[in-house]
Amino acid sequence: MSIFKNVAVIGTGVIGTGWVIRCLAHGKKVRAYDINFKHKNNLIKEIKRTWPFVKKMFKKNKLNLHNLSFYTNLHDALTNAEFIFECAPENYTIKTKLLKKIGLYSKPSSIISSSSSGLLPSKIYSKCKHPERGLIGHPFNPVYLLPGIEIVPGKKTKKLFLTKAKKFYESISMSPIMVKKELPGYLADRLQEALWREGLHIINENYATTKELDRAIEDGPGLRYSLMGTFLTFHLAGGNQGMKHMLRQFGPALKLPWTKLKAPKLTKKLSDRIIKGTKSQARGKSVTKLADIRDDYLINLQILRNKYLKKVRN
Ligand SMILES: NC(=O)c1ccc[n+]([C@@H]2O[C@H](COP(=O)([O-])OP(=O)(O)OC[C@H]3O[C@@H](n4cnc5c(N)ncnc54)[C@H](O)[C@@H]3O)[C@@H](O)[C@H]2O)c1
């Protein structure tokens with residue numbers, strides 16, 4: 001399967017700029033568009049600022065700015081684009097109108113991928129003539145360094161385009177997560193949102209400051225999160241029996257008023273699903289083996305992290 005060479009980035013704010021940088025670093029020809037021509041200068045400035053990091057990350061020698069062109073005419077920007085990143089503001093009206101135009105002006109085989117953080121694809125592609133090739137590719141800031149991307153289908157998205165999108169994102173050093181079906185907020189932002197809402201409750205009730213709450217994540221769970229997410233982490237919290245023991249011990253705590261978020265009922269079906277899920281994530285490794293890997297990782301991570309922490313906290 002060929003990997004697309006010509007891409008268009010529509011909207012060059014924080015996220016659009018990130019896509020431009022990542023694509024240039026991977027030798028793509030990029031046509032950028034924004035309703036505001038002044039954004040061209042910001043874009044060039046940001047490319048130059050980030051290049052030393054990008055160069056190190058992707059082991060690139062040369063920045064080829066000839067591969068970038070900037071437009072304020074949408075039609076021109078979409079000419080020849082095989083992959084289109086839609087990066088306009090997070091607003092149903094703006095995105096629906098814009099995606100309608102993109103559907104009309106883009107070539108028939110192109111993939112349209114919205115960077116939306118949580119809007120439903122079926123809604124934003126509802127006026128688009130080609131919802132079958134429209135999807136969400138939700139990245140994380142800074143897009144030029146973080147590999148995560150959630151690919152979310154709309155009700156009319158064709159599987160072929162999802163597969164092609166996955167291949168394309170992999171070709172620009174990303175690690176796609178294929179979301180089964182659309183849901184508001186997708187996956188990561190729902191989790192982030194839960195932390196955020198809970199944090200706001202805690203701060204509102206004056207139990208902690210934002211700094212203390214941030215420290216609670218930065219110095220504890222946050223260090224583990226880049227290696228293991230909540231489920232695998234809790235699998236290890238259950239000792240040798242893993243998630244099974246963890247649920248037996250901490251399952252009842254779901255009924256305590258710890259959070260303002262309503263937890264789902266821990267049914268047998270749900271328990272089985274997460275026990276099976278974490279077991280599969282463990283890939284045959286014992287809890288002790290996984291803990292060894294985690295600890296080795298955490299030590300190495302902290303040596304590196306301390307260097308950067310001084311720059312952030314002083
Ligand atoms: N900022 C983040 O951390 C983040 C992370 C992941 C996803 N996203 C998503 O990425 C998208 C863009 O967010 P952002 O943070 O880059 O916003 P931003 O405000 O920085 O940039 C939006 C850009 O879109 C341009 N624009 C406005 N109307 C337009 C139109 N009709 N056509 C084309 N361009 C238009 C603006 O001039 C601006 O340059 C949103 O959907 C957002 O939810 C943001």
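The values are calculated or read from the model by the stated rules, or taken from the named source; none is laboratory data. For clarity, every value in this text was computed on a predicted model and none was experimentally measured. Here the Cβ positions follow ideal geometry from the backbone for every residue, glycine too, while neighbour counts run over all protein chains shown.
For beta carbons closer than 6 Å, sequence separation of 6+ or different chains, a first residue in the stretch 216-240 that is in the same structural domain as ARG283 (by TED's automatic domain parsing) and a second that is among the hydroxyl-bearing types (Ser, Thr, Tyr) and surrounded by 13 or more Cβ atoms within 10 Å (Cβ to Cβ), the qualifying pairs are ARG224/THR233; LEU227/TYR297; PHE231/THR278; LEU232/THR278; HIS235/THR278. Screening the stretch 42-89 for residues that are within 25 Å of the chain's Cα centre (by Cα) and among the polar types (S, T, N, Q) and picking the one that is farthest from GLY103 (Cα to Cα) gives THR50.
Exactly one residue out of PHE161, PHE231 is in contact with a helix residue (DSSP H, G or I) (Cβ under 8 Å, 6 or more places away or on another chain), more than 25 Å from ILE3 (Cα to Cα) and of a type in the set (Phe, Trp, Tyr), and it is PHE231. Given the criteria within 14 Å of the ligand (Cβ to nearest atom), in the same structural domain as TRP51 (by TED's automatic domain parsing), in a strand (DSSP E or B) and surrounded by 21 or more Cβ atoms within 10 Å (Cβ to Cβ), does ILE102 qualify? Taking the combined requirement at face value, the residue does not satisfy it. Screening the candidates ALA8, ALA77, ALA88 for the property of being in a loop (DSSP other than H, G, I, E, B), within 14 Å of the ligand (Cβ to nearest atom) and either in contact with a Cys (Cβ under 8 Å, 6 or more places away or on another chain) or of a type outside the set (Ser, Thr, Tyr) (or both) yields one hit, ALA88.
Selection within the stretch 159-195: residues that are surrounded by 15 or more Cβ atoms within 10 Å (Cβ to Cβ) and among the basic types (Lys, Arg). The member of this set that is farthest from PHE58 (Cα to Cα) is LYS164. Beta carbons closer than 8 Å, at least 6 apart along the sequence or on distinct chains, pair a first residue in the stretch 98-114 that is basic (Lys, Arg) with a second that is part of a loop (DSSP other than H, G, I, E, B) for LYS100/LYS127; LYS100/CYS128; LYS100/LYS129; LYS107/ASN80; LYS107/ALA81; LYS107/GLU82.
To keep it simple, each residue is scored yes or no on (1) touching a residue at least 40 places away in the same chain (Cβ under 8 Å); (2) of a type in the set (A, V, I, L, M); (3) surrounded by 15 or more Cβ atoms within 10 Å (Cβ to Cβ); (4) not assigned by TED's automatic domain parsing to the domain that holds PHE168.
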| position | (1), (2), (3), (4) |
| --- | --- |
| ILE21 | yes, yes, yes, no |
| TYR33 | yes, no, yes, no |
| ASN36 | no, no, no, no |
| LEU63 | no, yes, yes, no |
| HIS75 | no, no, no, no |
| PRO89 | yes, no, no, no |
| THR93 | no, no, no, no |
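Answer yes or no as to whether GLU198 is part of a helix (DSSP H, G or I) and closer than 27 Å to ARG305 by Cβ. So GLU198 fits the description; yes. For the stretch 196-226, the set of residues classified as closer than 19 Å to LEU298 by Cα, of a type in the set (A, V, I, L, M) and surrounded by fewer than 14 Cβ atoms within 10 Å (Cβ to Cβ) consists of ILE217 only.
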